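Colleague: Below is one structure. I have some questions about it.
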Amino acid sequence: MGGERSSSVDLYWLPLGAGGHSVRVNGRIFEAVVAALERRPRLDLYHSALVVDVAGDEFVIEMAPVPDGNGAQRGVAGEGPVGSRWIRWLRIFRYENRCWRGGVIPDVDEAVDSPIRLTDDRSRARRVIELMALAPTPVWGRDELRTGEMWNSNSLISWLLVRSGIDLERVQLPAGGRAPGWQAGLVLARRQGQRRHEPGAGSAAS
């Protein structure tokens, strides 16, 4: 008899705006303003994605703009508004949370210091996939959940990792970089975890 097939969760750091000139320029303007307000040097901005292998079945997990109405083909687990809920009826103002079986990260060739292997534990990898259906979809670029930071693609990834019980000790940003939104996911996941263990909270908290 052969052993069980291996499983894993890999993290990718992708330069903000990789493959898209306008996003890169806007990101640099954003970072210049924030750096000036915080009186620190400018840093390179990154967004994150995961590649999850569950016994040979590979899934790409990331938050991305909605390109068309064929979300089922990309394993879309949920959609949220960009900037404001009032204009989410326009596709350009919506994002999607993808759990794309056999999918690809479009700008993976530009990833920096990646992939980072976070775990080889099959149950943790499977839990990441299961959690996608429960992932929050607040307004992108705003702090609706009162975490102290805007919600974006990094928030989704950090939320998934904490909720699935994956140790974040191996998570390191490329030198001179930062990941806006990462803390928002950590704060929300830990807040929800605390609620689960409060007396009378029940086991269905998400």
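Colleague: Within the stretch 71-170, list the trypsin sites (Lys or Arg not before Pro) lying in a DSSP loop whose Cβ has at most 11 other Cβ atoms in a 10 Å radius.
Modeller: Arg146
Colleague: Using each residue's phi in the stretch 53-60, evaluate 6.51 cos²θ - 1.76 cosθ + 1.60 at θ = phi - 60° and report the 3J(HN,Hα) Karplus result to the nearest Hz, with x for Gly and Pro.
Modeller: For the stretch 53-60, the Karplus-derived couplings read 10, 10, 6, x, 9, 9, 10, 9 Hz, x marking Gly and Pro.
Colleague: While we're on this one: List the residues, sorted by chain then number, that are 5 or more residues from Asp44 or on another chain and whose placed amide H is less than 5 Å from its amide H.
Modeller: Sorted by chain and number, the residues that satisfy this are Gly177, Arg178.
Bear in mind that the values in this text are calculations on the coordinates, not laboratory data. On a predicted model such as this, the values are computed, not experimentally measured, just so you know. Because the Cβ atoms are built from the backbone with ideal geometry, glycine has one as well, and the counts that use them run over all protein chains shown.
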